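*Asks:* My structure is below; once you've seen it, I'll send some questions.
None of the figures in this text is laboratory data; all of them are computed from the coordinates on show. If you're wondering where the values come from, they're calculated on a predicted model, not measured in any experiment. Don't worry about glycine lacking a Cβ; one is built from the backbone with ideal geometry, like all the others, and counts go over all protein chains shown.
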Amino acid sequence: MDETTQNKKATVVITYNSVRGYPAGTYNGKNGPVIVYSNDNTETWEDLAEQKLGSVMHGIFGRINPEDIGQVYLYVGLHARGGALRAARILSGQGNKLTLVACDCDASEKQAAARRLGVPLIWSGCGGRRTLGEIVERALA
Ligand SMILES: [Zn+2]
């Protein structure tokens, strides 16, 4: 394996909603692949959010080698935040570079969670679609 291949770690974006402009899938960027794990809804999943995130997370574990992951961006919304933060703890526990993306509903709780996990927090609008889209765009640039 040559150096350029080794350096190309994946950027992973995880949300139980959707990412604006980037449907679920793998995108090839100059600095490595960007993998979007999302659902194809346009509105926030209410009661289904927890279940949706569960199935998204289920798809990740088994499929990605943690060593191949460079950055993980996880959306933490109003719904399913318990599941999202559990997932965040698992991912950060594996030594991945985790960043939480959150809307400011229950902001103090999310801020406390980011502090507890020792990870940065990026504020977004509810649903996180636009901010996540910008993150993917930057990662691909
Ligand atoms: Zn919100």
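*Asks:* Straight-line reach from residue 9: which lysines have a Cα under 25 Å away, not including same-chain ones fewer than 8 places off?
*Replies:* Answer for residue 9, where 25 Å is the Cα cut-off: 30, 97, listed by chain and number.
*Asks:* Another question, then. Around residue 72, which amide H atoms from residues at least 5 apart in sequence, or from another chain, sit under 5 Å from its own amide H, with H modelled in the peptide plane?
*Replies:* So residue 72 has HN proximity to 12, 97, 98, 99.
*Asks:* Spelling out what I want: for every residue of the range 115-128, take phi, set θ = phi - 60°, compute 6.51 cos²θ - 1.76 cosθ + 1.60 (Karplus), and round to whole Hz; glycine and proline get x.
*Replies:* 4, 4, 7, x, 10, x, 10, 10, 7, 9, x, 4, x, x
*Asks:* Could you check the simple spin-label distance between residue 140 and residue 78, using points 7 Å along Cα→Cβ, in nm with one decimal?
*Replies:* About 3.0 nm, to one decimal.
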